[in-house]
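Colleague: Below is the structure I would like to discuss, written out as structure tokens.
The values are calculated or read from the model by the stated rules, or taken from the named source; none is laboratory data. The shown structure was predicted, so the numbers you read here are calculated from the model rather than taken from an experiment. Note that each Cβ is placed from the backbone with ideal geometry, even for glycine, and that neighbours are counted across all protein chains shown.
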Amino acid sequence: MKLSTIIGNLQPKVITGDAEIDITGVNIDSRQVKPGNLFIAVKGTVSNGHQYIAKAVELGAAAVLVCEDVEVPQGITVVRVDDTEDATGKVATAFYGNPTEHIRLIGVTGTNGKTTIATVLYNMFRAMGHKCGLISTVCNYIEDREVPASHTTPDPVTLNRLLAEMVKEGCEYAFMECSSHAIQQKRIGGLKFVGGIFTNLTRDHLDYHKTFENYRDAKKAFFDGLDKSAFAITNADDKNGMIMVQNCAAKVLTYSTRTAADLKGKIVEESIEGMLLDIDGQEVSVRFVGRFNVYNLLAVYGAAVMLGKEKEEVLRVLSSLHPVNGRFEAIRSPKGFSAVVDYAHTPDALVNVLQAINDIKKQGRVITVCGAGGNRDKGKRPIMAQEAAKNSDRVIITSDNPRFENPQDIINDMLAGLDEEMMQKTISITDRREAIRAAVMMAQPGDIILVAGKGHEPYQEIEGVKHHFDDHEEIKKAFGID
Ligand SMILES: CC(=O)N[C@H]1[C@@H](OP(=O)(O)OP(=O)(O)OC[C@H]2O[C@@H](n3ccc(=O)[nH]c3=O)[C@H](O)[C@@H]2O)O[C@H](CO)[C@@H](O)[C@@H]1O[C@H](C)C(=O)N[C@@H](C)C(=O)N[C@H](CCC(=O)O)C(=O)O
Ligand SMILES: Nc1ncnc2c1ncn2[C@@H]1O[C@H](COP(=O)(O)OP(=O)(O)OP(=O)(O)O)[C@@H](O)[C@H]1O
Ligand SMILES: N[C@H](CCC[C@H](N)C(=O)O)C(=O)O
Ligand SMILES: [Mg+2]
């Protein structure tokens, strides 16, 4: 594709050299550059892409996109803009043929519920006969082809390449999670969304955003960018729900389980197997558990209706769908107790999943096994331990993904949040496998063991290495079932 076409919608820009050269690909990482590529120098949090231009040219870059004064070897076309981070999405989407002009893209943002909602919509629309794509924390899908996910929302080049492949495969819809990092870093720049969904806003990622207001405003920017032809579905029960859409040109729809809203839902009956719900005045039985999932399914229902689906068909398909990998998955022990694998790794998620477990538990106890990720928000650690202790009969604090931190330091940060009474019911075991085994050893018939924080993750990330580790496998081994 001609460079002049790829950079056509960048304003302002200064071009030095030939803009009619053919570009074979766009790249933000000098280490991946191929001959004829356009290398985009982006200032990052760890380093500055501008320092890798020579390397990119060595590997054959034919042009560079910069936003700083830099020395560039002779014969290389230089395009200068004010902000290369902002330009990357626009350039990537142009290079990949503006995929969102040819596929209906729906974005989900919020602290918790993104993977659940995006994945349920993907499964629902495929069950309705549509070819679909999914961009998610757990995995990306181009129709039914898996593409491993490195991020919840990938960089703009990867994202547009995936969307272009979905278009090529004939996908009509793409459902994606829009993380706050991604919105802040403009990874979704240049994309046209036909709809956006807000789940909720509670504490997470303050290591990156520094303040809750910055975190909120990053999420809000997504809705500010929706055009009037799009829809925006927001949670009327979240105190930031209406803030998200206060400057939104899209058609707004609200959902709630307790106040006036366009879409109302409530639980009629519930058990560890699922719930009977009243959604928008109609009863539907679902395999999902927990009041928090009523919110997720309301958002799914609203989006499907806004995308033109009949309400009856939406509810019929909804009742046939299974929980998402690592989100409230129950495993029964032959000894009469059960375990729940869940991805809860924020205080609010722990509160919600433990509320759900306490709502369905009969006479037994709740035993919670949880940790916290290394190199993530430290402030949430003591709060997570408090919420676990407040809502469980026994707590075992253990390791999650320590990453480059000392696992014991993370555990100590969590324990620091507990008062004397909470400490009475809490122990800590650094080795996650041992912690799960200890929970199973102490369980009695009727108890429910929550193993939280990792969900679908088939690994434990330690010092940059992802060692195989799967909560489901460890629970089954401890239960003595395969
Ligand atoms: C904090 C964060 O989001 N960092 C992301 C960011 O990296 P960065 O800004 O630190 O980049 P950098 O390492 O400083 O490099 C700057 C630039 O130089 C380039 N470079 C770098 C080295 C080199 O040799 N050559 C070169 O060209 C890089 O490609 C980059 O463009 O841009 C990179 C390229 O797109 C991302 O891979 C990286 O994600 C890191 C690995 C990460 O862990 N991100 C997490 C926190 C994240 O994004 N999480 C969210 C939310 C998770 C959730 O709630 O589910 C997600 O969407 O996954
Ligand atoms: N609507 C909700 N409100 C509160 N908690 C929720 C909600 N939906 C899910 N959860 C809890 O949060 C956990 C994560 O859910 P999910 O993976 O869908 O969220 P996410 O937004 O994709 O998270 P991440 O930002 O880490 O990718 C679940 O395992 C559950 O404990
Ligand atoms: N078990 C993971 C969950 C968080 C992963 C994702 N939300 C991120 O922050 O990268 C951890 O706490 O390490
Ligand atoms: Mg997710």
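Colleague: Considering each residue of the range 23-54, count those that are farther than 16 Å from ALA92 by Cβ, outside any loop (DSSP other than H, G, I, E, B) and not charged (D, E, K, R), and give that number.
Modeller: 7
Colleague: Could you tell me whether any residue of the range 208-223 is of a type outside the set (Asp, Glu), surrounded by 14 or more Cβ atoms within 10 Å (Cβ to Cβ), in a loop (DSSP other than H, G, I, E, B) and in the same structural domain as ASN293 (by TED's automatic domain parsing)?
Modeller: For the range 208-223, residues of a type outside the set (Asp, Glu), surrounded by 14 or more Cβ atoms within 10 Å (Cβ to Cβ), in a loop (DSSP other than H, G, I, E, B) and in the same structural domain as ASN293 (by TED's automatic domain parsing): absent.
Colleague: Restricting attention to the range 365-379, does a residue exist that is part of a loop (DSSP other than H, G, I, E, B) and over 22 Å from the mean Cα position of the chain (by Cα)?
Modeller: The answer is yes; a qualifying residue exists.
Colleague: Further, regarding this structure: So is ALA303 of a type in the set (A, V, I, L, M, F, W, C), closer than 30 Å to ARG394 by Cβ and either in a helix (DSSP H, G or I) or touching a residue at least 12 places away in the same chain (Cβ under 8 Å) (or both) or not? Outline the logic, then answer.
Modeller: Details: of a type in the set (A, V, I, L, M, F, W, C): yes; closer than 30 Å to ARG394 by Cβ: no; either in a helix (DSSP H, G or I) or touching a residue at least 12 places away in the same chain (Cβ under 8 Å) (or both): yes.
No, not satisfied.
Colleague: Additional query: For the subset of the range 135-144 comprising residues that are buried (at least 17 other Cβ atoms within 10 Å of the Cβ) and without any contact (Cβ under 8 Å) to a residue 40 or more places away in the chain, which member is farthest from MET166 (Cα to Cα)?
Modeller: Among those that are buried (at least 17 other Cβ atoms within 10 Å of the Cβ) and without any contact (Cβ under 8 Å) to a residue 40 or more places away in the chain, it is ASN140.
To keep it simple, each residue is scored yes or no on (1) surrounded by fewer than 19 Cβ atoms within 10 Å (Cβ to Cβ); (2) small (Gly, Ala, Ser); (3) in a helix (DSSP H, G or I).
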{"position": "THR100", "(1), (2), (3)": "no, no, yes"}
{"position": "THR119", "(1), (2), (3)": "no, no, yes"}
{"position": "TYR122", "(1), (2), (3)": "no, no, yes"}
{"position": "GLU146", "(1), (2), (3)": "yes, no, no"}
{"position": "CYS171", "(1), (2), (3)": "no, no, no"}
{"position": "HIS181", "(1), (2), (3)": "yes, no, yes"}
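Colleague: Moving on to the next point. Of all residues in the range 422-455, which are over 12 Å from SER392 (Cα atoms) and hydroxyl-bearing (Ser, Thr, Tyr)?
Modeller: SER428, THR430
Colleague: Another question about this same structure. Specify the residue that is nearest to ligand 1 (Cβ to nearest atom); the eligible residues are those in the range 131-142 that are part of a loop (DSSP other than H, G, I, E, B) and closer than 18 Å to HIS322 by Cα.
Modeller: Checked the range 131-142; the qualifying residue nearest to ligand 1 (Cβ to nearest atom) is THR137.
Colleague: Right, here's the next one. Scan VAL351, VAL324 and give me the residue that is closer than 17 Å to TYR122 by Cβ, aliphatic (A, V, I, L, M) and not assigned by TED's automatic domain parsing to the domain that holds THR115. Outline the logic, then answer.
Modeller: Working: VAL351 fails: closer than 17 Å to TYR122 by Cβ.
Exactly one residue qualifies, and that residue is VAL324.
Colleague: Return yes when VAL57 is at pLDDT 95 or above, in a strand (DSSP E or B) and over 30 Å from ASN375 (Cβ atoms) and no when it is not.
Modeller: no
Colleague: For the range 18-60, how many residues meet the condition of being more than 14 Å from THR84 (Cβ to Cβ), surrounded by 13 or more Cβ atoms within 10 Å (Cβ to Cβ) and more than 27 Å from the chain's Cα centre (by Cα)?
Modeller: Going through the range 18-60 one residue at a time, the tally reaches 14.
Colleague: Another one. Has the range 330-340 got at least one residue that is within 16 Å of ligand 3 (Cβ to nearest atom), in a loop (DSSP other than H, G, I, E, B) and crowded, with 23+ Cβ neighbours inside 10 Å?
Modeller: Taking the range 330-340 first, the residues within 16 Å of ligand 3 (Cβ to nearest atom) are 340.
From what's left, in a loop (DSSP other than H, G, I, E, B): none.
Scanning the range 330-340, I find no residue that is within 16 Å of ligand 3 (Cβ to nearest atom), in a loop (DSSP other than H, G, I, E, B) and crowded, with 23+ Cβ neighbours inside 10 Å, so the answer is no.
Colleague: Another question about this same structure. Checking THR153 against (1) more than 16 Å from ligand 4 (Cβ to nearest atom); (2) surrounded by 24 or more Cβ atoms within 10 Å (Cβ to Cβ); (3) not in a helix (DSSP H, G or I), which single condition isn't satisfied?
Modeller: All conditions are met except number (1).
Colleague: So SER399 fits all but one of (1) in a helix (DSSP H, G or I); (2) surrounded by 23 or more Cβ atoms within 10 Å (Cβ to Cβ); what number is the exception?
Modeller: With (1) in a helix (DSSP H, G or I); (2) surrounded by 23 or more Cβ atoms within 10 Å (Cβ to Cβ) applied to SER399, the lone miss is (1).
Colleague: Assess whether THR111 counts as being part of a helix (DSSP H, G or I), touching a residue at least 60 places away in the same chain (Cβ under 8 Å) and within 16 Å of ligand 3 (Cβ to nearest atom).
Modeller: no
Colleague: While we're looking at this one, here's another question. Can you tell me how many residues within the range 183-202 are part of a loop (DSSP other than H, G, I, E, B), closer than 20 Å to ASN235 by Cβ and within 16 Å of ligand 3 (Cβ to nearest atom)?
Modeller: Total meeting the criteria: 4.
Colleague: Still on this model: What are the residues in the range 233-255 that are free of Cβ contacts under 8 Å to residues at least 40 places away in the same chain, among the β-branched types (Val, Ile, Thr) and closer than 17 Å to LYS114 by Cα, if any?
Modeller: Once the filter is applied, which keeps residues that are free of Cβ contacts under 8 Å to residues at least 40 places away in the same chain, among the β-branched types (Val, Ile, Thr) and closer than 17 Å to LYS114 by Cα, the range 233-255 yields THR234, THR254.
Colleague: Here's a follow-up. Within the range 112-120, is even one residue modelled with pLDDT of 95 or more, charged (D, E, K, R), within 12 Å of ligand 1 (Cβ to nearest atom) and closer than 21 Å to PRO323 by Cα?
Modeller: Looking through the range 112-120, at least one residue is modelled with pLDDT of 95 or more, charged (D, E, K, R), within 12 Å of ligand 1 (Cβ to nearest atom) and closer than 21 Å to PRO323 by Cα.
Colleague: In addition: Restricting to the range 63-83, what's the tally of residues that are out of contact with any helix residue (DSSP H, G or I) (no Cβ under 8 Å at 6 or more places or on another chain) and either at positive phi or modelled with pLDDT of 95 or more (or both)?
Modeller: Residues in the range 63-83 being out of contact with any helix residue (DSSP H, G or I) (no Cβ under 8 Å at 6 or more places or on another chain) and either at positive phi or modelled with pLDDT of 95 or more (or both): 5 in total.
Colleague: So, one more: Within the range 156-169, can you find the residues that are away from ligand 1 (no atom under 15 Å from the Cβ), assigned to a helix (DSSP H, G or I) and surrounded by fewer than 24 Cβ atoms within 10 Å (Cβ to Cβ)?
Modeller: Of everything in the range 156-169, those that are away from ligand 1 (no atom under 15 Å from the Cβ), assigned to a helix (DSSP H, G or I) and surrounded by fewer than 24 Cβ atoms within 10 Å (Cβ to Cβ) turn out to be ALA164, GLU165, VAL167, LYS168.
Colleague: In the range 117-134, what residues are without any contact (Cβ under 8 Å) to a residue 60 or more places away in the chain and away from ligand 2 (no atom under 11 Å from the Cβ)?
Modeller: Matches in the range 117-134: TYR122, ARG126, GLY129, HIS130, LYS131, CYS132, GLY133, LEU134.
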